[in-house]
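In what follows, a structure is listed as structure tokens, so that the remarks can point back to it.
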Amino acid sequence: MTTSAVLFDMDGVLVDSASLHVRAYEQVFRDAGIEFSMAARDAVREGKSRSEVIEVAVPEASNIIKQELFDAKPNAVAELLRTAGNVSMPGATRTVHTLAERGVAMGVVTNSSAPEIWLEAAGVLKHMSVLVIRNDVSSPKPSPEGYLLAAEQLGVQPAQCIAFEDSHDGWLAANRAGMRAVIVAALRPAWAETSIELLATMDSAAVLALCLPTPGKELA
């Protein structure tokens, strides 16, 4: 079936956010005089939510302290983004621009609750017709709810969408939604069976060939 829309996960697919998130947490915890543990760093890299990361970092802290840390994190991220330079994953920004030039509808489905600042920093926000965030769904990935909502908002059938993900939960979400799901990873994850499509990087020519495979549509 022809691809009518391309949907992206954000973290690890469009933007390289993990290291900057860790730096933001470190700053917030340092300002509060609290150590940011290795377990909490691992939780960030695993894509855990802000509340989950804080719970891992300070499980015994009062709700007031947890809330203060929670509230301070977005400002720390915004400050770091002002001087971070390029935050996009290799090839991601060019890929989005290339698809936009070809008139391909695009959207982002993410467990993040505030993706706009990241997508703007990567230079791709204006090309996204839909943004489905954590607050838009009752269940995050691996639930297919977010992907189904994105397809509905774009006015296309799930089977007409291709989704790019980098995690098992994300792949499950897209697959359960009835979409073609491609994992972006330099090495095949241990959980990914050989039948699962793999893309080493967000290379614009490779992505275009997947989305618009008709002869003559390849990127020059």
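One table, with the values for the structure above:
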| quantity | calculated |
| --- | --- |
| Coarse-grained scattering of the chain at q = 0.13, 0.15, 0.17 Å⁻¹, given as base-10 log I(q)/I(0) from a Debye sum over alpha-carbon atoms | -0.75, -0.97, -1.20 |
| Helical contribution to [θ] at 222 nm, DSSP H n ≥ 4, -39,500 (n - 2.57), averaged over the chain, rounded to 500 | -12500 deg cm²/dmol |
| Karplus-derived HN-Hα couplings along region 69-84 (A = 6.51, B = -1.76, C = 1.60, θ = phi - 60°), whole Hz, x at Gly and Pro | 5, 4, 6, 7, 4, x, 5, 5, 5, 4, 5, 5, 5, 5, 10, 6 |
| Additional length obtainable on full extension of the chain from GLU26 to ASN86, 0.36 nm per residue less Cα span | 19.5 nm |
| Whole-Å semi-axes of region 18-83's equivalent ellipsoid (Cα gyration tensor) | 17, 14, 10 |
| Largest-first principal axis extents, alpha carbons of region 1-43, Å | 55, 17, 11 |
| Square roots of 5 times each gyration tensor eigenvalue, C-alpha, region 117-220, largest first, Å | 21, 19, 15 |
| Pairs of alpha carbons in region 31-125 whose separation is greater than 18 Å (percent) | 57 percent |
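Coordinate-derived values only; no laboratory data. Remember, it's a predicted structure, so these values are computed and weren't measured experimentally.
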